[in-house]
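Some notes on the structure that comes next.
The values are calculated or read from the model by the stated rules, or taken from the named source; none is laboratory data. Being a predicted model, the structure only gives us computed values, none of them experimental. Positions of Cβ are generated from backbone atoms using ideal geometry, with glycine treated the same way; all protein chains shown enter the neighbour counts.
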Amino acid sequence: WIQGHFHLTVGSAVALTFMGTAYWLLPRLTGRELELGLLARVQPYLWFLGMLLFAISNHITGLMGMPRRIYDASYGGSVAAQAWRGWTDLSALGGVFLFTSAGFFILVMLGTGLAGKRRDAEPIEWAEPLEPTSPKATLFDRYGLWTAVAVVLVLIAYAYPLWSHLQMQRYGSPGFTPF
């Protein structure tokens, strides 16, 4: 299921956030109107649909035993791989939707940057506090404190596993020679 999980988290939440931010930010930075508005409105939904098909089918095939990486696209003629065929076809269809959606995104970005109608640049609105803030930093507003806390937490989390790993006489698997 790992390939489905990765694509679902990074490929949907992160990618759609970046795309939405680009749609909002590019007109403000360039002083141009967003071009190809219909494509800009359809593109995120097409991306969502493609990612839905892609990630769910990869979750299912992963649970059926499909490996994450393999050097042979035919899976060496494995009988188990035949059971994945319909799901991998569905994953490929999702990939086509994703590719099309990415193309729409690039077209909108290029169209806006190169051919968008000039307009007065909108000011970028910044968040402002409702009440006046104190100019003196409190204990929890100190960057150095939080940096130290982060370093200590990383050391607590990784020191023992790293030390155990470095104490091994040899690693768990022999080296791999591809040719």
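Looking only at helices (runs of 4 or more DSSP H) that fall completely inside segment 1-67, which ones have 3 or more residues that are closer than 30 Å to residue 114 by Cα?
The qualifying helices (runs of 4 or more DSSP H) are 15-30, 37-63.
Residue by residue, here is whether (1) among the β-branched types (Val, Ile, Thr); (2) closer than 24 Å to residue 18 by Cβ holds:
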{"site": "77", "(1), (2)": "no, no"}
{"site": "82", "(1), (2)": "no, no"}
{"site": "90", "(1), (2)": "no, no"}
{"site": "99", "(1), (2)": "no, yes"}
{"site": "106", "(1), (2)": "yes, yes"}
{"site": "130", "(1), (2)": "no, no"}
{"site": "134", "(1), (2)": "no, no"}
{"site": "138", "(1), (2)": "yes, no"}
{"site": "143", "(1), (2)": "no, no"}
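Could you go through segment 47-62 and let me know if any residue there is of a type in the set (S, T, N, Q), exposed (fewer than 13 other Cβ atoms within 10 Å of the Cβ) and over 30 Å from residue 122 (Cα atoms).
No, every residue in segment 47-62 fails to be of a type in the set (S, T, N, Q), exposed (fewer than 13 other Cβ atoms within 10 Å of the Cβ) and over 30 Å from residue 122 (Cα atoms).
Rundown of residues vs (1) assigned to a helix (DSSP H, G or I); (2) at pLDDT 80 or above, yes/no style:
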{"residue": "70", "(1), (2)": "no, no"}
{"residue": "87", "(1), (2)": "yes, yes"}
{"residue": "130", "(1), (2)": "no, yes"}
{"residue": "134", "(1), (2)": "no, no"}
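Taking interchain pairs and intrachain pairs at least six residues apart, which have beta carbon atoms under 8 angstrom, with the first residue in segment 57-86 and under 22 Å from residue 97 (Cα atoms) and the second loosely packed, with under 13 Cβ neighbours inside 10 Å?
Listed pairs, sorted by first residue: 62/2; 62/68; 68/2.
If you check every pair at least six apart or on different chains, which have Cβ atoms under 7 Å apart with a residue in segment 41-52 that is more than 14 Å from residue 92 (Cα to Cα) first and a residue that is β-branched (Val, Ile, Thr) and in a helix (DSSP H, G or I) second?
43/108; 46/100
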